[in-house]
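Notes follow the structure.
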Amino acid sequence: MSDIWDFFQHLFNPRWIFLYFGNTALFILLAIVFAETGFFIGFFLPGDSLLFTAGIFGEDLCKNFYDVPFFVIILIVAFVAILGNMQGYWLGYKSGKLLYKKKDSFFFKRKHLILAKLFYNKYKTTALIMSRFLPMFRSFAPIVAGAIRINFKKFMIYNIIGALAWTFSIMLAGHYLDKSFPELKNHLEWIILLIVFITALPIFLKISKNKKKKVFI
């Protein structure tokens, strides 16, 4: 039991994943990307920081996976992200109404689902692209899309665009920043905190804005 707890503690340290798992780090990365976008329990997983760290350790990932170009690694991650969103869509399509009645638990918060629906109603299908860069919304946006049963072809178009934009931008940022500033690996914890802050900032601003509106109503 203690080993499992230690694993989940280290799960929030992307650098540990790549250093500890070595040859199998890519498969851990793919599993986390799929879970984060394919199941509502994935909202707590370190998606953005993990992709950025994957960019920094890109050369190691390539060597451990048949020496393929880094471009191929990104495409594989993007493909899994697309599959994850498809899983989320069908989860919402099959059980969306029941999820709104589901009681809160450690892994599930109904308010997150409601916030994602409000976010989706405001930005429509483009929310599927925007949500890729926003923690929590990334997990719930495809579920909402399935629950309200938007056209699957339209969903797939935005799903593919969002997955490619998310994986390429963040992984390439880590990859090329590491080449320009190799010492980044020595300050990775601070960079990850900055990424978490930047990606979470829009959510806090939105919540703050809504609270101010309530005060004046």
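Quick note: the coordinates plus some simple rules give every number you see, no bench work behind them. Fair warning: this is a prediction, and the values are worked out from it, not measured in the lab. Cβ atoms come from the backbone with ideal geometry, glycine included; neighbour counts cover every protein chain shown.
Taking 0.36 nm per intervening residue step and subtracting the Cα-Cα distance, what contour gain separates I114 from Y176 on full extension?
Taking 0.36 nm per residue and subtracting the Cα distance, the gain is 18.6 nm.
Round to the nearest 0.05 the FRET efficiency obtained for F71 and L98 when R0 = 41 Å and r is the Cβ-Cβ distance.
Computed FRET efficiency for F71 and L98 comes out at 0.50.
Of K103/K124; K101/K153; K111/K153; K97/K154, which ones are farther than 23 Å apart at the Cα?
In this structure, K103/K124; K101/K153; K111/K153 exceed 23 Å between Cα atoms.
Between K63 and M156, what FRET efficiency follows from the Cβ-Cβ distance if R0 is 25 Å, with the result rounded to 0.05?
Computed FRET efficiency for K63 and M156 comes out at 0.15.
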